[in-house]
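The values are calculated or read from the model by the stated rules, or taken from the named source; none is laboratory data. Predicted model only: the values in this text are computed from it and were never measured. As a convention, Cβ positions derive from the backbone with ideal geometry for all residues, glycine included, and neighbour counts pool all protein chains shown. Remember, those area values only see protein heavy atoms, side chains included, never the ligands or the DNA or RNA. Shrake-Rupley method; radii C 1.70, N 1.55, O 1.52, S 1.80 Å.
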Amino acid sequence: MTGLDRATAVRFRWANSRTALWLGIVAAVLVLAGVPLSVATHGLSANVLSLVFLPYGIVGFVIARRQPRNPIGWILLAILIAVALGGAAGQYAVLYYDQGHRGLPLARVAVFLAALWVFMVVLLPLPIGLFPDGRLSRRWRFVLWLYIVDIVGFLLVFGWVDLTGVLAHHLTLDSSGELATFGGSQTGWASTAEVFLVPGYVLIALAWVVRQALAYRGSTGDRRQQLKWLISGGLICVCGLLIALQLGPSHSTLWHWVANVSSVGIVALPISLGIGILKYRLYEIDRLISRTLSYAIVTGLLVVVYVGMIALTTRLIPLSSSVGVAASTLVAVGLFTPVRRRVQHWVDRRFNRARYDAEAMVATFTSRLRDAVQLETVRRDLLNVVNAAVEPSQVSLWIRPMSRVS
């Protein structure tokens, strides 16, 4: 690289670094601005949504600063800005129309901006498709252009419907400050356009997932570890979102709290994207997957045993409820360690094979070591185990000679 090219690269990185910094400041200001607005309107759900998506902006800011040529960082930042601005604008509109603060300016603009959450919907599949470096083959670049055309058309239709509703003489808003007409189906040409645009969006978004699945099958090394992070984070995100959507409308306080906790799983996607792109502690993913899966299985088994023991002791055996609960707790605590060991062994055998094979080789070497009487045999077995476990380019063993006792 010549001096001129190096200077150009430095200026490019500096300019993008400043841009990322300013976008990060804008996102932080919007999130903070939503706090007093949410408190004033008692609409804390909008501010909670901004806080849930805060990791998207944090990870996007880090990626944009360290790898400005990677579009994923800028997309994640844009997602947080859209969610935060839409939430703050919606609460501003609620102050004007529902709570009677008629002196506030630009209320209709706030109603229009309250629908900016749609940018989060259309942008969210892009980081998955562009993972990890934002580069695509010629065939997938064509798919990307199809996706851009589809979402631009969708945004134009959505924006026109939003603008038409905002310019109407009478506005009807929901609790988030958006037009209540968005809750129903559209009619006319907008409905016809949605028939073609929405299925196209879904199919291309699924195509991004298929792309990563196909890439995982033929990947090795760092690339395979990156895709493991993506798949793990995406799975947690989808599961948490589905649980939140299913249990959120429930009138039960317990299920409502479960839904709120599950919604936090949405942050797993940006975190996994950031780790996969920046390669921070990349090779810990196998251990993380095996531990998470094993503890989830153990928790499920112990919950079933605990509930079954309570039912058995309180209904079939004539014991008081307090004694039954205490006995069930003791049984669950006593079963934890042996069940965890067996489940961990089974999970490592299938999902963390490197650890399982290493432990098996060490156990085999230890058993042979008990019967070995010749030093040369021990040396040869130890070298074989090291070669099989870590596959070094070369290995040697130096044995200190025993000093003679006079």
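A few comments on the model shown:
- Spin-label model, Leu156 to Arg69: label points 7 Å out along the Cα-to-beta-carbon direction sit 3.3 nm apart.
- 17 Å reach of a label modelled at Val35, 7 Å along Cα-to-Cβ, counting backbone N of region 74-106: 84-85, 87-89
- Near-label residues of region 205-221 by backbone N, under 18 Å of a point 7 Å along Cα→Cβ of Leu241: 205-213
- Sites Val307 and His169 - FRET efficiency at Förster radius 51 Å, r taken between beta-carbons, to 0.05: 0.30
- Placing dummy labels 7 Å off each Cα toward the beta-carbon, the span from Asp222 to Ile148 is 2.7 nm.
- Taking 0.36 nm per residue of sequence separation and removing the Cα-Cα distance, the Val264/Leu206 pair yields an extension gain of 18.6 nm.
- Here the extension length gained between Arg141 and His101 equals 9.5 nm, from 0.36 nm per residue of separation less the Cα-Cα distance.
- Only protein heavy atoms count here; on that basis, with a 1.4 Å probe, Tyr96 has an accessible area of about 50 Å².
- In this view, the solvent-accessible surface of Val238, computed with a 1.4 Å probe and all protein chains in place, comes to about 80 Å².
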